Amino acid sequence: MMKMVLLSAAAAALLASPSLAQVIGAAAGPRPEMTRASVEADVRDAFARVDANRDGFVTEAEAKTLREAARTERQGKRSERRAGLFDRLDADKDGAISRAEFDAPRGDRAEKRAGRREARGERGARRDGHGFVRFGGKAFERFDGNKDGRVSLQEATEQALTRFDRIDTNRDGTISVDERRAAFQARRRG
């Protein structure tokens, strides 16, 4: 739960390139279709999590605090994964990995890879608004339509729906997997 809160604040899915690639279905495979209503709900949810002091506005400081917390959490998890990998490779538990231990066959590698791929796909499917709602970096400036140094729920919603409308090329109120892919390809080209 905390990770989702922190990630919602960390990047700018409406406007940041890495988030957009994930939004539009680059690596994790197709995501379900999105509707305008789901995007609006995701904006409200993300906004509520990012607005730490509950004053109805997200400030750059609030977004930065959550980005830093997310970074710290990611680093901790990365350290745990590395320690686990070392422990799996260190078969004789002597605190060192010999060449023989490193080269030893590990028959369950393919199974582990498949499990990791599946877990990444599940995380991607749970992403807030499929990445449409993130506050941070340059996106914060773009969200802040009136340039008062803070983003209101209305400003965030307008930006998310503007982006939604740009991707919804057939104007049916739903962004299909194909529309996301086309938008991703257009972004990569341009």
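All of the numbers you see were taken from the coordinates with simple rules; none came from a lab. Quantities reported herein were computed from a predicted structural model and do not represent experimental measurements. All Cβ positions, glycine included, derive from the backbone under ideal geometry; neighbour counts span all protein chains shown.
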Quick check on the stretch 85-105: of everything there that is among the charged types (D, E, K, R) and surrounded by 10 or more Cβ atoms within 10 Å (Cβ to Cβ), which residue is farthest from the chain's Cα centre (by Cα)?
Asp92
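Being of a type in the set (Ser, Thr, Tyr), surrounded by 10 or more Cβ atoms within 10 Å (Cβ to Cβ) and closer than 30 Å to Gly173 by Cβ is true for just one of Thr59, Thr72, Thr35, Thr65. Which residue is that? Spell out how you get there, then give the answer.
Details: Thr59 fails: closer than 30 Å to Gly173 by Cβ; Thr72 fails: closer than 30 Å to Gly173 by Cβ; Thr65 fails: closer than 30 Å to Gly173 by Cβ.
Result: Thr35 is the single residue among Thr59, Thr72, Thr35, Thr65 that is of a type in the set (Ser, Thr, Tyr), surrounded by 10 or more Cβ atoms within 10 Å (Cβ to Cβ) and closer than 30 Å to Gly173 by Cβ.
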Subset of the stretch 148-167, residues free of Cβ contacts under 8 Å to residues at least 60 places away in the same chain and in contact with a helix residue (DSSP H, G or I) (Cβ under 8 Å, 6 or more places away or on another chain), comes to Glu155, Arg166
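Conditions (1) out of contact with any Ser or Thr (no Cβ under 6 Å at 6 or more places or on another chain); (2) over 22 Å from Arg163 (Cβ atoms); (3) of a type in the set (D, E, K, R), marked per residue:
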{"residue": "Arg49", "(1), (2), (3)": "no, no, yes"}
{"residue": "Asn53", "(1), (2), (3)": "yes, yes, no"}
{"residue": "Ala63", "(1), (2), (3)": "yes, no, no"}
{"residue": "Arg82", "(1), (2), (3)": "yes, yes, yes"}
{"residue": "Leu85", "(1), (2), (3)": "yes, yes, no"}
{"residue": "Asp92", "(1), (2), (3)": "yes, yes, yes"}
{"residue": "Arg106", "(1), (2), (3)": "yes, yes, yes"}
Looking only at residues in the stretch 137-182 that are among the small types (Gly, Ala, Ser), outside any strand (DSSP E or B) and touching a strand residue (DSSP E or B) at 6+ places or on another chain (Cβ under 8 Å), which one is nearest to Ala61 (Cα to Cα)?
Gly149
